[in-house]
Amino acid sequence: MRAILEAARERPGGETRVSVDARSFPEAVAETEAAGRVPVIAEVKPTSPTTEGVREDDPVELAREMVAGGATALSVLTEPEHFGGSAESLRQIREAVDVPVLRKDFIMNEDQLDVVESDLVLLIARFVGDDLPDLVEAARDRGFQPLVEVHTREELTAALAAGADIVGINNRDLGKLEVDLGTFEELAPEAPDDVLLVAESGVKTVEEARRMREAGADALLVGTAIMDGDVRQNTETLTQ
Ligand SMILES: O=C(O)c1ccccc1NCC(=O)[C@H](O)[C@H](O)COP(=O)(O)O
């Protein structure tokens, strides 16, 4: 994790401030619910420190297939060194689909928000620490919907104090890289009802998707299980 964070701190920001006309994620979730399906954010994740190999397929084609499979939104890794992502992939994907797109990266400072437009942007409470309130505000000022990621009760408290209204509870401990779906089950009851809760990481099966929904997940963020094989079929299975 240290190498990922060191690289993130070094990565340059954008030169001009972005202004986004964002596609509403809460509305997309409500539409999926109304259609009787499970809201899933499908992740375009070419590789990761916990995945073997690299998926070399065209990211835009993968994204189109995920949307065809019923994805409510997409998450696109833009971290280049450890996840095989790029800002350019995200730009092309957002142009090619009409669902909200989350920029998944390790954003450490305000300038890094200006690298590329997206509808949602990930802010990881564990890594931004006391800068979280300012980054939430800076993201909203640019038109982004911030998705604040937490893994502990303290981080959830910090996210709520920073005004987060879309919170991702990550089942993956980014210190140990271990996954435990019990993390979402433990923290979800602590969040107020008006916060949109996303269960992140480790969901592989329909049963696990149901487990997260029963624990209060408004949406699920799924990477590995969708990227492994036929992404359209995998998305269809998890959104049913
Ligand atoms: O996925 C990893 O290996 C990883 C390693 C180090 C830091 C972050 C990492 N993942 C970020 C994520 O949050 C996941 O990509 C996302 O939640 C999807 O998880 P999964 O469905 O388990 O692929």
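Calculated [222 nm] ellipticity per residue, helices only, for the chain: -10500 deg cm²/dmol; basis is -39500 (n - 2.57) per DSSP H run with n ≥ 4, divided by all residues, nearest 500. Between T152 and Q92, the simple spin-label model (points 7 angstrom out along Cα→Cβ) gives 4.0 nm.
For the stretch 176-222, the list of GluC sites (Glu not before Pro) that fall in a loop by DSSP and count at most 12 other C-beta atoms within 10 angstrom is empty. Within the stretch 136-240, DSSP assigns beta bridges of which about 15% are antiparallel (rounded to the nearest 5). Between E81 and R140, full extension at 0.36 nm per residue minus the direct alpha carbon distance yields a gain of 18.5 nm.
Hey, how many Å between the Cα centroid of the stretch 37-78 and the Cα centroid of the stretch 14-32? That distance is 18 Å. Computed packing ranks the peptides 45-51, 222-228 as 222-228, 45-51, most packed first, by mean other Cβ atoms within 10 Å.
Taking all protein chains together, E95, E149 sort by accessible area into E95, E149, largest first [probe 1.4 Å]. May I ask what percent, to the nearest 5, of DSSP beta bridges between residues of the chain are antiparallel? Taking every DSSP beta bridge within the chain, about 5 percent pair in antiparallel fashion. Counting every Cα pair in the stretch 1-128, what percent are over 18 Å apart? Counting every Cα pair in the stretch 1-128, those more than 18 Å apart make up 54 percent. Of the solvent-accessible surface of the chain, computed with a 1.4 Å probe over protein heavy atoms with every protein chain present, carbon and sulfur atoms account for 43 percent.
The values are calculated or read from the model by the stated rules, or taken from the named source; none is laboratory data. A quick note: this is a predicted structure, and the numbers were derived from the prediction, not measured. Note: ideal-geometry Cβ built from the backbone for every residue, glycine included; neighbour counts use all protein chains shown. With ligands, DNA and RNA removed, areas are computed over all heavy atoms of the protein, side chains included. Shrake-Rupley method; radii C 1.70, N 1.55, O 1.52, S 1.80 Å.
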